[in-house]
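Derivation of every value follows stated rules applied to the coordinates shown; laboratory data play no part. If you're wondering where the values come from, they're calculated on a predicted model, not measured in any experiment. Glycine gets a Cβ as well: all are built from the backbone with ideal geometry, and neighbour counts include every protein chain shown.
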Amino acid sequence: MTLDWEIYDQLLRRTESPIWGRFPRPPTAEVASRLRVSPNTVWRKLGDWRRRGFLRGYIILPHPNLLQAAITRYTVSATDPIAKARLLKDLELVEGVILAVNEVGVKLAVIGATELNDGPHRLRELLRRLPGTAVVSPPHRAWLPPCEGELTGEDWRLLTIVRNTPEAPVTRLASRMGRSTKTVSRQLALLRRSHRMLSMWLEDWSHFPSLVAGFTLRLEPGADPNYVRREFHGMVPGCQERAWFDFPPGEPGRGLTYMVEIATTAEIDTVVQAGLRIRGVARVENNFRVADRDYPTWIDRRIELLRRGRAVS
């Protein structure tokens, strides 16, 4: 593994939740110690990722359940490869699309943030109307870490400050809150541990220093996901599990998604074959993660309403 991937891998593993728990103030000293490099080396890599355009920023959010929001996944099939390239650009204009994943052939995986109830179906209809779209699958609910408790008035206040200044040190957050550093540190740790506050990095994988491929392992109904995880991690060193999705009846029951650093695209088939040898894996799909996008503006409006103690209709 390259040093970039080793650092990224360790930063991911030092979080409370692989996707939703990466914070703007990562434990660089701990990562440096585990990799036996200096903390300055880790900081320099983070700075290089920013300059390259890979690490574009951070998103700090209340748990979507607290916002009456859903995170859903769609499989979009384009009419042809040229239409697929246009779709990737058009998806940037669709409110609610927060990530696109470039899959093999004419398929794209689209992750969206929507309101509950008919929100996922409205987004599906928007995707169906894009020029070059052939088929859009029904929405599949994405996995989210369990949310424990509600946000108090003080929690909303701290969350707003962190959202506005995500990289500020805890001492500055404490000064803004008018509380001691110890109190704010404890409050921040509790919000993260209970998943009432989620944090993500905004990434553009076309600018990562090495080549990284994605893989979705579709499991047979009744397969043991933990067994599959253990086997895949043993066969593919350095793989990172990113999320999982449940698929509708008639399809393999669960998709485990991974990212793997590869030297050349020829290694893709090696990883695919490794996954297929695991008992309980129905098929393995290859994909490439594209750039994360900002959440829709209604999320910000809803946060402000809830912060002010007003009900959300």
Item to complete: Look at THR114 and say whether it is of a type in the set (Ser, Thr, Tyr) and not in a helix (DSSP H, G or I).
Response: yes
Worksheet item: How many residues does the stretch 117-140 hold that are surrounded by 20 or more Cβ atoms within 10 Å (Cβ to Cβ) and either aromatic (Phe, Trp, Tyr) or assigned to a loop (DSSP other than H, G, I, E, B) (or both)?
Response: 1
Worksheet, complete the sentence: Checked GLU30, GLU16 against criteria (within 19 Å of ARG193 (Cβ to Cβ), touching a Lys or Arg at 6+ places or on another chain (Cβ under 7 Å) and not in a loop (DSSP other than H, G, I, E, B)); the one match is GLU30
Worksheet item: Can you name the residue in the stretch 281-305 that is farther than 30 Å from PRO225 by Cβ and surrounded by fewer than 18 Cβ atoms within 10 Å (Cβ to Cβ) and is also farthest from the chain's Cα centre (by Cα) among such residues?
Response: LEU305
Worksheet item: If LEU35 satisfies every condition in (1) of a type in the set (A, V, I, L, M, F, W, C); (2) buried (at least 20 other Cβ atoms within 10 Å of the Cβ); (3) without any contact (Cβ under 8 Å) to a residue 40 or more places away in the chain but one, which is the exception?
Response: (2)
Worksheet item: For the stretch 33-71, which residues satisfy the criterion of being within 21 Å of VAL290 (Cα to Cα) and part of a helix (DSSP H, G or I)?
Response: LYS45, LEU46, GLY47, ASP48, TRP49, ARG50, ARG51, ARG52
Worksheet item: In the stretch 99-111, what residues are over 12 Å from ASP292 (Cα atoms) and not in a loop (DSSP other than H, G, I, E, B)?
Response: ASN102, GLU103, LYS107, LEU108, ALA109
Worksheet item: If you take just the strands (runs of 3 or more DSSP E) that sit entirely in the stretch 172-275, which of them hold at least 3 residues that are farther than 25 Å from ARG52 by Cβ and touching a residue at least 60 places away in the same chain (Cβ under 8 Å)?
Response: 211-219, 240-246
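Scan the stretch 151-159 and give yes if some residue there is outside any helix (DSSP H, G or I), free of Cβ contacts under 8 Å to residues at least 24 places away in the same chain and under 23 Å from the mean Cα position of the chain (by Cα), otherwise no. Steps first, please.
Filtering the stretch 151-159 for residues outside any helix (DSSP H, G or I) gives 151-152.
Add one more test, that the residue is free of Cβ contacts under 8 Å to residues at least 24 places away in the same chain, and what stays is 152.
Narrowing further to those that are under 23 Å from the mean Cα position of the chain (by Cα): none.
The answer is no; no qualifying residue exists.
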